[in-house]
């Protein structure tokens, strides 16, 4: 078997409208398909990152909280590649989101930073 690429990442949120606003307005991801699944009392929103379908945003009634930050078992964080880390961090901060200080990866010598989505999922910006 040969894995070609990551097809998508699924995220379960506690407040669908708040998270939809965050991923669409704050991060600028493009909605490509949204459906309400009545049998699950759940929304599913497919989002595009730079022309590729990559994120599924789900709502479910009363999902459990994330156990810790950021070392919970399972997905540790979601990372996005950006060209200019300072400009990206400034843009996110300008939209009312707290961004950690920019750090340097000691292995790659690339800059990175973190912030959180509305449910506390760590999101990383990593400079090319």
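The values are calculated or read from the model by the stated rules, or taken from the named source; none is laboratory data. Given the structure is predicted, the values throughout are model-derived calculations rather than measurements. When we count neighbours, we look across all protein chains shown, and the Cβ atoms used for this are built from the backbone with ideal geometry, even at glycine.
Strands (runs of 3 or more DSSP E) fully within the stretch 7-79 that include at least 2 residues being within 11 Å of the chain's Cα centre (by Cα): 9-13, 42-49, 52-59. The single condition from (1) on the phi > 0 side of the Ramachandran plot; (2) modelled with pLDDT of 90 or more that residue 62 fails is (2).
Within the stretch 6-23, the set of residues being touching a strand residue (DSSP E or B) at 6+ places or on another chain (Cβ under 7 Å) and either free of Cβ contacts under 8 Å to residues at least 12 places away in the same chain or surrounded by 11 or more Cβ atoms within 10 Å (Cβ to Cβ) (or both) comprises 8, 9, 11, 12, 13, 16, 19, 20, 23. Within the stretch 94-117, being surrounded by fewer than 17 Cβ atoms within 10 Å (Cβ to Cβ) and in a loop (DSSP other than H, G, I, E, B) holds for 95, 96, 98, 100, 101, 102, 105, 106, 107, 108, 109, 110. Each residue in the stretch 118-128 was checked for being surrounded by 18 or more Cβ atoms within 10 Å (Cβ to Cβ) and in a strand (DSSP E or B), and 4 pass. Of everything listed in (1) surrounded by 13 or more Cβ atoms within 10 Å (Cβ to Cβ); (2) in contact with a strand residue (DSSP E or B) (Cβ under 7 Å, 6 or more places away or on another chain), the single unmet condition for residue 26 is (2). Condition test on residue 47, is it surrounded by 15 or more Cβ atoms within 10 Å (Cβ to Cβ), closer than 25 Å to residue 4 by Cβ and without any contact (Cβ under 8 Å) to a residue 40 or more places away in the chain? Considered against the rule, which asks whether it is surrounded by 15 or more Cβ atoms within 10 Å (Cβ to Cβ), closer than 25 Å to residue 4 by Cβ and without any contact (Cβ under 8 Å) to a residue 40 or more places away in the chain, residue 47 comes out as yes.
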